[in-house]
1. Of all residues in the stretch 71-89, which are within 14 Å of residue 117 (Cβ to Cβ) and surrounded by fewer than 20 Cβ atoms within 10 Å (Cβ to Cβ)?
2. When the stretch 90-128 is examined, which residues are found to be outside any helix (DSSP H, G or I) and surrounded by 12 or more Cβ atoms within 10 Å (Cβ to Cβ)?
3. Just a yes or no: is a residue in the stretch 73-87 in contact with a helix residue (DSSP H, G or I) (Cβ under 7 Å, 6 or more places away or on another chain), under 20 Å from residue 22 (Cβ atoms), touching a residue at least 24 places away in the same chain (Cβ under 8 Å) and not in a helix (DSSP H, G or I)?
4. When you check residue 9 against the structure, is it farther than 20 Å from residue 102 by Cβ, at pLDDT 95 or above, surrounded by 11 or more Cβ atoms within 10 Å (Cβ to Cβ) and in contact with a helix residue (DSSP H, G or I) (Cβ under 7 Å, 6 or more places away or on another chain), yes or no?
5. Against the conditions (1) touching a residue at least 12 places away in the same chain (Cβ under 8 Å); (2) part of a helix (DSSP H, G or I), where does residue 66 fall short? Just the number, please.
6. Just need a number here: residues in the stretch 24-57 that are in contact (Cβ under 8 Å) with a residue 12 or more places away in the chain and in a helix (DSSP H, G or I).
7. Check the stretch 42-59 and report whether any residue there is more than 14 Å from the chain's Cα centre (by Cα), surrounded by 11 or more Cβ atoms within 10 Å (Cβ to Cβ) and either at pLDDT below 95 or farther than 15 Å from residue 86 by Cα (or both).
């Protein structure tokens with residue numbers, strides 16, 4: 001794999017995973033109040049939707065044929081495992097908590113993003 005390809009495709013996913021970890025490490029994190037009923041779940045959903053996009057992009061552009069051919073499953077598995085680990089880790093951070101429904105929101109962000117990606121790929125393939 002070339003260094004340029006790594007910087008363009010794999011590095012953003014790795015950087016974002018580290019960013020999630022860094023944000024999860026902030027004690028008593030106060031996010032901006034958007035005055036939405038399920039604002040916290042929306043933030044979780046969006047955080048992991050972005051992560052799923054970056055993971056899928058990284059796997060799909062890998063020089064490893066297994067990663068490329070299984071990018072959806074790898075994104076789903078790694079994304080959900082990371083979300084589970086992140087929620088578990090937050091229990092250890094002062095002023096942070098771990099909720100089952102945060103994990104559900106994380107997972108839904110991953111699944112919906114993968115569904116959109118797969119639908120887009122099928123649409124593009126039908127146009128060719």
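The values are calculated or read from the model by the stated rules, or taken from the named source; none is laboratory data. Owing to the predicted nature of the structure, the values given are computational and were not obtained by experimental measurement. Backbone-built Cβ (ideal geometry, glycine too); neighbour counts: all protein chains shown.
1. Residues satisfying the conditions are 72, 73, 74, 76.
2. Those that are outside any helix (DSSP H, G or I) and surrounded by 12 or more Cβ atoms within 10 Å (Cβ to Cβ): 93, 96, 98, 99.
3. no
4. It is true that residue 9 is farther than 20 Å from residue 102 by Cβ, at pLDDT 95 or above, surrounded by 11 or more Cβ atoms within 10 Å (Cβ to Cβ) and in contact with a helix residue (DSSP H, G or I) (Cβ under 7 Å, 6 or more places away or on another chain).
5. Only one criterion is unmet by residue 66, namely (1).
6. Looking only at that region, the number is 19.
7. No, the stretch 42-59 contains no residue that is more than 14 Å from the chain's Cα centre (by Cα), surrounded by 11 or more Cβ atoms within 10 Å (Cβ to Cβ) and either at pLDDT below 95 or farther than 15 Å from residue 86 by Cα (or both).
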